[in-house]
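As structure tokens, the structure follows; a few thoughts come after it.
Computed from the coordinates by the stated procedures, all read-outs in this text should not be read as laboratory data. Given the structure is predicted, the values throughout are model-derived calculations rather than measurements. Cβ sites come from the backbone with ideal geometry, for glycine too, and all protein chains shown count toward neighbours.
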Amino acid sequence: MLPRVYKLMFWFSIFLVVLSVVAVSVFGLRLGVDFQGGSVLELNFKNRPDIGQIKNILTPKIGDVELSTEAETGLIVRTHELTEAQHQSALSALNTAFPTSGLVEKQFSSVGPIIGNELKQRSLFAILMVLVCVIIYIAFVFRKLGRTTSPWAMGLAAIVALMHDVAIPVGVFAILGHFYNIEITGVFVAAALTILGFSVSDTVVIFDRVRENIIRGGGNKTQFGSVVHKSVMQTLTRSLNTVFTVLLSLFAIYFFGGESIKYFSLALIIGIFLGAYSSIFVASPLLVWWTKNT
């Protein structure tokens with residue numbers, strides 16, 4: 001039987017997932033240009049003018065715009081998809097209105113709505129394909145444990161843990177998007193796929209040790225909870241060391257890297273910590289529960 005802490009942490013995990021779902025339902029996801037289409041203009045000023053004045057200059061030229069500051073001198077302009085003529089008109093209007101501001105264009109990108117929708121669909125498809133491949137892989141690798149536990153139970157436990165690891169960062173970014181205008185972009189999808197890969201590797205390590213202990217101990221269903229707990233404790237040091245070293249690198253990227261990868265590293269920090277956590281407190285208790293009830 002598993003110690004009581006597994007049950008407590010499992011319900012805590014459910015609580016966090018529910019909070020994430022509520023956050024997404026209430027605030028929604030602030031999708032970037034990658035997914036919804038539009039144009040992004042990144043500017044830098046030596047002396048940045050007042051944001052209200054900049055908006056008053058740009059609106060007559062290119063329509064409604066959304067402005068967000070970056071550091072002390074940067075500015076990001078988000079709007080509908082612009083033609084090259086509109087792009088140049090906006091820059092010319094700013095240079096004319098603020099000739100001493102030291103305006104420099106850092107980047108201009110534009111994505112049509114059709115491309116944005118296609119990228120959204122492909123991103124969801126990629127995540128679903130990863131989940132399907134994981135469950136098939138785990139069921140195949142652990143297929144010889146049918147007398148003690150079902151390999152499909154292992155696969156389903158791993159999938160639930162992976163969904164937990166992605167759902168919570170999505171909820172966090174829904175809150176960040178609402179209060180701090182942080183957007184979900186293609187970079188977040190890359191982070192989500194990385195989280196899935198890291199998390200499943202940690203879960204497989206625990207399940208593999210479960211298999212070894214079952215083979216050595218004969219595989220008794222009544223003692224399966226004790227076998228899983230023993231396996232978790234045997235792999236705990238390895239998991240903590242791995243997560244700690246990865247998080248050190250990610251924190252360095254978050255604090256000292258550029259703005260373009262800051263939130264990529266934040267998503268990884270949250271997801272990789274959750275990956276180690278869920279392998280112990282989500283996948284393991286689910287595996288025990290499904291084994292006892294099948």
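What are the ³J(HN,Hα) values, in whole Hz, obtained from phi via the Karplus relation 6.51 cos²θ - 1.76 cosθ + 1.60 with θ = phi - 60°, for each residue of region 204-213 in sequence order, with x given for Gly and Pro?
5, 4, 5, 5, 5, 5, 4, 4, 4, 5
Give the angle, between 0 and 90 degrees and rounded to the nearest 10, that separates the Cα long axis of helix 51-62 from the longest principal axis of the Cα atoms of the chain.
80 degrees
Rank-order 117-127, 281-291 by packing density, defined as the average count of other C-beta atoms within 10 Å over each peptide's residues, highest first. Display every interim value, and only then the final one.
Values: 117-127: 14.0, 281-291: 22.8.
So the order, starting with the most tightly packed, is 281-291, 117-127.
Charges on Cβ only, +1 for Lys and Arg, -1 for Asp and Glu, centred on the Cα centroid of region 192-294; of 283, 242, 193, which one is farthest towards the dipole's positive end?
Among 283, 242, 193, the one farthest towards the positive end of the dipole of region 192-294 is 283.
Would you mind getting me the FRET efficiency between residue 117 and residue 7? Use the beta-carbon distance for r and R0 = 51 Å, nearest 0.05.
Details: r = 43 Å, r/R0 = 0.83.
Once the sixth-power term is evaluated, E becomes 0.75.
Amide H neighbours of residue 31 under 5 Å, at least 5 residues apart or on other chains, H built in the peptide plane: list them.
Correct list: 184.
For residue 90, what is the net charge nearby, where nearby means another residue's Cβ is under 15 Å from its Cβ and Lys, Arg count +1, Asp, Glu -1? Could you put the intermediate results ahead of the total?
Details: positive: 55, 61, 78, 106; negative: 42, 64, 66, 81, 84, 105.
Residues near residue 90 contribute -2 overall.
Could you tally the net charge around residue 209, taking each other residue with its Cβ under 11 Å from the Cβ of residue 209, Lys/Arg +1 and Asp/Glu -1?
On the way: positive: 211, 216, 230, 238; negative: 208, 212.
After counting each charged neighbour, the total is +2.
In this model, which of 61/262; 230/292; 230/262; 46/262; 55/120; 61/106 are farther than 28 Å apart at the alpha-carbon?
Working: 61/262 32 Å; 230/292 17 Å; 230/262 38 Å; 46/262 23 Å; 55/120 30 Å; 61/106 20 Å.
Pairs exceeding 28 Å: 61/262; 230/262; 55/120.
Could the peptides 189-195, 240-246 be put in order, highest first, of the mean number of other beta-carbon atoms found within 10 Å of their residues?
Going by the mean number of other Cβ atoms within 10 Å, highest first, we get 189-195, 240-246.
If you plug each phi of region 163-169 into the Karplus form 6.51 cos²θ - 1.76 cosθ + 1.60 with θ = phi - 60°, what whole-Hz ³J(HN,Hα) values come out, in order, with x for Gly and Pro?
5, 4, 5, 8, 4, 5, x
How large is ³J(HN,Hα), in whole Hz, for each residue of region 272-287 in order, when computed from phi with the Karplus curve 6.51 cos²θ - 1.76 cosθ + 1.60 and θ = phi - 60°, using x for Gly and Pro?
Computed from phi, the couplings for region 272-287 are 6, 4, 5, x, 5, 5, 5, 4, 8, 9, 10, 5, 5, x, 5, 4 Hz.
Taking semi-axes √(5λ) of the Cα gyration tensor in Å as the quantity of interest, determine which of (1) 41, 21, 18; (2) 29, 23, 19; (3) 49, 18, 15 was computed from the displayed structure.
So the calculated entry is the one marked (3).
Mind ranking 71-81, 37-47 by how tightly packed they are, going by the mean number of other C-beta atoms within 10 angstrom, highest first? Write out the running numbers ahead of the final one.
Working: 71-81: 15.8, 37-47: 18.2.
The densest-packed peptide leads the list: 37-47, 71-81.
For region 38-110, what Kirkwood radius comes out of the mean inverse Cα-Cα distance, in Å? Don't skip to the end; give the middle numbers.
Details: mean 1/r = 0.0836 Å⁻¹.
Computed over Cα pairs of region 38-110, the Kirkwood hydrodynamic radius comes out at 12.0 Å.
Which Rg and Dmax, in Å, describe the Cα atoms of region 160-272?
Every Cα atom of region 160-272 included, Rg and Dmax give 17.5, 55 Å.
Can you give me the angle between helix 84-97 and the longest principal axis of the chain, using Cα atoms only, in degrees from 0 to 90, rounded to the nearest 10?
Tilt relative to the chain: about 60 degrees.
Check residue 82: other-chain or 5+ apart residues with amide H under 5 Å from its amide H, H built from backbone geometry?
The list, which skips near neighbours in sequence, is 39.
At a Förster radius of 45 Å, what calculated FRET efficiency corresponds to the Cβ-Cβ distance of residue 215 and residue 18, to the nearest 0.05?
On the way: r = 38 Å, r/R0 = 0.85.
The computed FRET efficiency comes out at 0.75.
State, to one decimal in nm, how far the label point of residue 244 lies from the label point of residue 141, with both points 7 Å from Cα in the Cβ direction.
2.5 nm
Please give, to one decimal in nm, the separation of the simple spin-label points placed at residue 179 and residue 100, each 7 Å out from Cα toward the Cβ.
Label-label distance for residue 179 and residue 100, simple model: 4.0 nm.
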